[in-house]
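Below is one structure, written out as structure tokens, with a few remarks after it.
The values are calculated or read from the model by the stated rules, or taken from the named source; none is laboratory data. These numbers were taken from a predicted model, which means no experiment stands behind them. Note that we place each Cβ from the backbone using ideal geometry, even for glycine, and neighbour counts take in every protein chain shown.
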């Protein structure tokens, strides 16, 4: 191709790029947010963990004390509208309370309530909240802990030979590893444990994934009380409001726990695009919203079995149909 032809080809190419770039919608302060108020629900987003050191920094990095000491509330355009100054820790978890206070899983097995001005209103120490906590209508706090299972439960854990997991090395889950469980505690404002539930009493300890780290049996990462819903209105006691959705990330299963009896009354997963892949945040959609009664979750696509498997999933809990 001649020099003149190359020149005009370059001009056309650059013009096309310019036109293509101007076709994109405005990018807001976060660099990724596209917010169209006429087609989206307006809301705010709580940003609990924004460290630039990664989601799982090493012990040496943690010791340097570089964890962020603030929780940010942003609007749908990515603007920071409020900040709480909190006790610094990595992998923080927080929830906004109905009165505008912040419920926060802090360091050293502390659960802290901050008011709007970052003053400590209430604090509980002794049970380390791991991954999630919830404020309940009765004023109590529901939280997850990952505690070592008792020896009586560990005795029920089997070693894993090559026949069970031929693509991985054998695992001495019973004789050498000591499993951490999945525990839920309800704590009142006086710091008393008024209800507790332990996964090792209700879930098969030998149901596990060889992909997961040593000892980390379930890595329970989310709990969510059920709202009022059409299933219970129609007489299905499993979906009684206040029962708890419990997400066992490492075994790709969700359970509903009967709050009154402590029994697992419902369990589910899905096989959409290879099945659940280490999901987070399953919740039942409330009445009055599109899809009310369905369960919505973020399916992380960690260790997926299908290359297009990622992102948000909505399911009907009665049929486990992916919608």
- Message: Being more than 19 Å from the chain's Cα centre (by Cα), assigned by TED's automatic domain parsing to the domain that holds residue 169, under 30 Å from residue 173 (Cα atoms) and modelled with pLDDT of 90 or more: is that true of residue 218 here?
- Response: no
- Given (1) surrounded by fewer than 20 Cβ atoms within 10 Å (Cβ to Cβ); (2) not assigned by TED's automatic domain parsing to the domain that holds residue 253, where does residue 103 come up short, assuming only one miss? (1)
- Which listed residue is assigned to a loop (DSSP other than H, G, I, E, B), surrounded by fewer than 16 Cβ atoms within 10 Å (Cβ to Cβ) and modelled with pLDDT of 65 or more, from 305, 261: 261
- Task: Say whether the condition of being modelled with pLDDT under 85, assigned to a loop (DSSP other than H, G, I, E, B), surrounded by 15 or more Cβ atoms within 10 Å (Cβ to Cβ) and out of contact with any helix residue (DSSP H, G or I) (no Cβ under 7 Å at 6 or more places or on another chain) is met by at least one residue in region 273-283.
- Result: yes
- Enumerated strands (runs of 3 or more DSSP E) restricted to region 91-186, each holding at least 1 residues that are over 23 Å from residue 68 (Cβ atoms) and in contact with a strand residue (DSSP E or B) (Cβ under 8 Å, 6 or more places away or on another chain): 141-145
- Item | Hey, residue 258 touching a helix residue (DSSP H, G or I) at 6+ places or on another chain (Cβ under 8 Å), free of Cβ contacts under 8 Å to residues at least 40 places away in the same chain and farther than 29 Å from residue 159 by Cβ or not | yes
- Task: Among the residues of region 187-206, count how many are touching a strand residue (DSSP E or B) at 6+ places or on another chain (Cβ under 8 Å) and either outside any loop (DSSP other than H, G, I, E, B) or surrounded by fewer than 18 Cβ atoms within 10 Å (Cβ to Cβ) (or both).
- Result: 12
- Which ones in region 83-99 are farther than 17 Å from residue 225 by Cα and free of Cβ contacts under 8 Å to residues at least 40 places away in the same chain? 83, 84, 85, 86, 87, 88, 89, 99
- Could you tell me whether region 29-45 includes any residue that is in contact with a strand residue (DSSP E or B) (Cβ under 6 Å, 6 or more places away or on another chain), within 20 Å of residue 130 (Cα to Cα) and modelled with pLDDT of 80 or more? no
- Item | Count of region 70-81 residues which are exposed (fewer than 15 other Cβ atoms within 10 Å of the Cβ) and either assigned to a strand (DSSP E or B) or within 21 Å of the chain's Cα centre (by Cα) (or both) | 2
- Query: If you scan region 207-232, which residues turn out to be touching a helix residue (DSSP H, G or I) at 6+ places or on another chain (Cβ under 9 Å) and not in a loop (DSSP other than H, G, I, E, B)?
  - Reply: 216, 220, 221, 222, 230, 231, 232
